[in-house]
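For reference, the structure discussed in these notes is given below.
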Amino acid sequence: MGEVDPAFIQDPEHRPKLSATEAEGIPLIDLSPLNSSDNISDPKAIEGVVREIGKACKEWGFFQVINHGVLLDKHKKIEAAARKFFAQSLEEKRKITRDEKSMFGYYDTEHTKNVRDWKELFDFAVEEPMLMPASLDPEDKEETKWTNKWPEYPPELRVACEEYTEEVEKLALKLMGLIALSLGLPADRFNSYFKDQTSFIRLNYYPPCPSPQLALGIGRHKDSGALTVLAQDEVGGLEVKRKRDGEWIQVKPTPNAYIINVGDIIQVWSNDRYESVEHRVLVNSEKGRFSIPYFFNPAHYTLVKPLEELTHEQEDPAKYKPYSWGKFLTHRNLSNFKKYNAENIQLYHFRVSE
Ligand SMILES: O=C(O)CCC(=O)C(=O)O
Ligand SMILES: [Fe+2]
């Protein structure tokens, strides 16, 4: 990617401010109280953490965690392998380009809201093969299997990815437990949705960009799954839209921390108690940036709707109509290939009008 092709240029109102204002960052939460027993069965010991998580989910939809239990060595290995993979020629990387049959593999022409993102990515399923609906037809119950595409080089990438997955999955489940508790639900309330999970991990590479004032690494968007557990390197560039005033706030890199954000599914389950918040990534002209989000997603047959415990027919009616997670994800995947001129499928399409 040399010159900036017009496909990458953001409309003026969405271009980044490069002199970002210094501001209070997203909350930083220390998970060490969870480590002593390594489970969340002792409500007293983790009361404080649960309260902090609830507050962060409400006020920001985003937070960082430290002392999270993910082994640093596993993180270093996947990052090193990702750097080797992306350093190859485009021709080499495109040998494992994703296709219509499965969204996994390499991709360098992702668009967010019809503007091309200044990035390359490699996606893989956490549980393989991943069970998905065979078609978009709501009546069609047939399933298909989405499989991973591993590159020949570097040979250690696959094992590094598999070992990292195991680590981050434990963290994601712990966080879902804490979020459940913060909503007044049993810690295991969400567990059953993640049997046959459709979670995937993305290796992102944002190359240096000659016009960082015009393009974005990824345009403003919300994550559509349940929860995202993101590792960013030391370069920085992630910005979160502050709920209070709509300002874009930088998430400064914190060594060995993970960034956690609530996705659309938690927004629906919680009937808007917690909201999925917009975020985007700035690029810069000097350094390439790497990041690794883990998108924690339920089984494809999950019918996503507000939880009964958190709705009340009169006082707090459900704000969303139920939708099939698998059909939603399939729709998103197909729209990447058949250049629909229409807007992509979005959560608000399922909102009950007030
Ligand atoms: O690279 C990042 O920091 C964030 C990436 C992101 O938001 C996404 O892939 O959904
Ligand atoms: Fe995101």
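The values are calculated or read from the model by the stated rules, or taken from the named source; none is laboratory data. Remember, predicted model here, so these are calculated numbers, not experimental data. Cβ sites come from the backbone with ideal geometry, for glycine too, and all protein chains shown count toward neighbours. The area values use the complete protein model at the heavy-atom level, side chains included, leaving out ligands, DNA and RNA. Shrake-Rupley method; radii C 1.70, N 1.55, O 1.52, S 1.80 Å.
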Could you check the range 278-325 and list, in sequence order, the residues that are in contact with a Ser or Thr (Cβ under 7 Å, 6 or more places away or on another chain), outside any strand (DSSP E or B) and more than 25 Å from Tyr164 (Cβ to Cβ)? Leu310, Pro317, Ala318
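Looking only at strands (runs of 3 or more DSSP E) that fall completely inside the range 184-252, which ones have 3 or more residues that are within 16 Å of ligand 2 (Cβ to nearest atom) and buried (at least 22 other Cβ atoms within 10 Å of the Cβ)? Give the derivation first.
Numbers: elements: 200-206, 218-221, 227-232, 238-241, 248-250.
Answer list for the range 184-252: 200-206, 227-232.
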Could you grab me the full set of residues in the range 224-258 that are among the basic types (Lys, Arg), more than 18 Å from Arg15 (Cβ to Cβ) and touching a His at 6+ places or on another chain (Cβ under 8 Å)? none
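Rundown of residues vs (1) within 10 Å of ligand 1 (Cβ to nearest atom); (2) hydrophobic (A, V, I, L, M, F, W, C); (3) closer than 19 Å to Glu59 by Cβ; (4) under 14 Å from the mean Cα position of the chain (by Cα), yes/no style:
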site: Tyr205; (1), (2), (3), (4): yes, no, no, no
site: Gly225; (1), (2), (3), (4): yes, no, no, yes
site: Val229; (1), (2), (3), (4): no, yes, no, yes
site: Leu238; (1), (2), (3), (4): yes, yes, yes, yes
site: Glu247; (1), (2), (3), (4): no, no, yes, no
site: Ile259; (1), (2), (3), (4): yes, yes, yes, yes
Please count how many residues of the range 261-279 are over 16 Å from the mean Cα position of the chain (by Cα) and either of a type in the set (S, T, N, Q) or within 14 Å of ligand 2 (Cβ to nearest atom) (or both). 2
Among the residues of the range 255-291, which ones are closer than 27 Å to Leu71 by Cα, among the polar types (S, T, N, Q) and buried (at least 23 other Cβ atoms within 10 Å of the Cβ)? Asn261, Ser291
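Quick one: how many residues across the range 135-183 are aliphatic (A, V, I, L, M), open to solvent by 40 Å² or more (accessible area, probe 1.4 Å) and closer than 17 Å to Asn297 by Cβ? Give the derivation first.
Here is the first cut: in the range 135-183, the residues aliphatic (A, V, I, L, M) are 136, 157, 159-160, 168, 171-173, 175-176, 178-181, 183.
Then drop every residue that is not open to solvent by 40 Å² or more (accessible area, probe 1.4 Å), which leaves 136, 159, 173, 181.
Those still in the list that are closer than 17 Å to Asn297 by Cβ too: 173.
Total meeting the criteria: 1.
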What are the residues in the range 280-317 that are closer than 27 Å to Leu131 by Cβ and either in contact with a Cys (Cβ under 9 Å, 6 or more places away or on another chain) or more than 16 Å from ligand 1 (Cβ to nearest atom) (or both), if any? Pro298, Ala299, His300, Tyr301, Thr302, Leu303, Val304, Lys305, Pro306, Leu307, Glu308
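Any idea which residue in the range 292-304 is surrounded by the fewest Cβ atoms within 10 Å (Cβ to Cβ), counting only those that are among the hydrophobic types (A, V, I, L, M, F, W, C) and under 14 Å from the mean Cα position of the chain (by Cα)?
The initial filter retains those residues of the range 292-304 that are among the hydrophobic types (A, V, I, L, M, F, W, C), namely 292, 295-296, 299, 303-304.
Going one step further and asking which of them are under 14 Å from the mean Cα position of the chain (by Cα), we end up with 292, 295-296.
On the way: Ile292: 21, Phe295: 23, Phe296: 30.
If we take residues in the range 292-304 being among the hydrophobic types (A, V, I, L, M, F, W, C) and under 14 Å from the mean Cα position of the chain (by Cα), then Ile292 is surrounded by the fewest Cβ atoms within 10 Å (Cβ to Cβ).
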List every residue pair whose Cβ atoms sit under 7 Å apart, with the two residues 6 or more apart in sequence or on different chains, where the first one lies in the range 301-312 and is among the hydroxyl-bearing types (Ser, Thr, Tyr) and the second, anywhere, is open to solvent by 10 Å² or more (accessible area, probe 1.4 Å). Thr302/Tyr193; Thr311/Pro317; Thr311/Ala318
Can you run down the residue pairs with Cβ atoms below 7 Å, 6 or more apart or on separate chains, where the first is in the range 210-229 and in contact (Cβ under 8 Å) with a residue 40 or more places away in the chain and more than 12 Å from Tyr294 (Cα to Cα) and the partner is hydroxyl-bearing (Ser, Thr, Tyr) and open to solvent by 30 Å² or more (accessible area, probe 1.4 Å)? Pro210/Ser285; Pro212/Ser285
